[in-house]
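Undergrad: Let me give you the structure first, and then I'll get to my questions.
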Amino acid sequence: IETNIEVNKNGEGLTVVPGSELSLNLGVTAAQDKVRAGVEFGLRPDKEENDDLMPNGINLGDIALKQAWIEADGPFWHGGPEATTRFGTLDIGYSPYASLKDRSGIAISGIDLDVVELNGFYALEGEHGHVLGMRTDLHLLDEVALGASVIRDDEIVRLQVDASAQPIEGLNIAGNVAVDHADEFSLNMDNLWVVEANYELAENTNVVAGYK
């Protein structure tokens, strides 16, 4: 049972908004942890809004299946790199700007081909149709990381490119570009640029500068 309390200040007054969420997670592993499965139960969508600090008045009919998945580790061909294949509820988090959750489908992740790592997924039809996505990471230099993600449904294409480098010890520089594009529009929409530099002056002391 998770309880969140939100406190808002409006002028001289304060408003407190409590909310609770109920969930039950079950998991199992086999074959030396190379096969995993899990299910999650929670409140039905029409029962999720609960303004009490603790859920009450709940019966078995209010519980619904939220997630169910099974995944396995292993190569797709003899002598090939090991990858993780997942069936069921997806939890895609390629980056903060390229993610997909609570959709059913199949995902393949962690295909390591030396300097290139590949990930991809296919989600079954939902509100905006089928969803396809992939993520590629390049490891060309030890101190430089490059990556790109593409997620597409029937209405929009989301492209995200990121890079990070450590030019000197203690200094990390990272950048992200995220672009949305719809076929109905000649111009790209909702473009986002993020640049950040993080320098460690001393232990537990960092200086961070960024632009969004």
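Undergrad: Condition check: open to solvent by 70 Å² or more (accessible area, probe 1.4 Å), under 21 Å from V157 (Cβ atoms) and modelled with pLDDT under 90. Does N188 satisfy that? Give the steps one after another, and end with the answer.
TA: Numbers: open to solvent by 70 Å² or more (accessible area, probe 1.4 Å): yes; under 21 Å from V157 (Cβ atoms): yes; modelled with pLDDT under 90: yes.
The answer is yes for N188.
Undergrad: Further question: Quick one: count up the residues across the range 55-70 that are surrounded by 15 or more Cβ atoms within 10 Å (Cβ to Cβ) and either acidic (D, E) or at pLDDT below 65 (or both).
TA: 2
The values are calculated or read from the model by the stated rules, or taken from the named source; none is laboratory data. Because the structure is predicted, anything quoted here is derived from the model rather than measured. We place every Cβ from the backbone using ideal geometry, glycine too, and count neighbours over all the protein chains shown. Note: accessible area is taken over every heavy atom of the protein model, side chains too, but ligands, DNA and RNA are not part of it. Shrake-Rupley method; radii C 1.70, N 1.55, O 1.52, S 1.80 Å.
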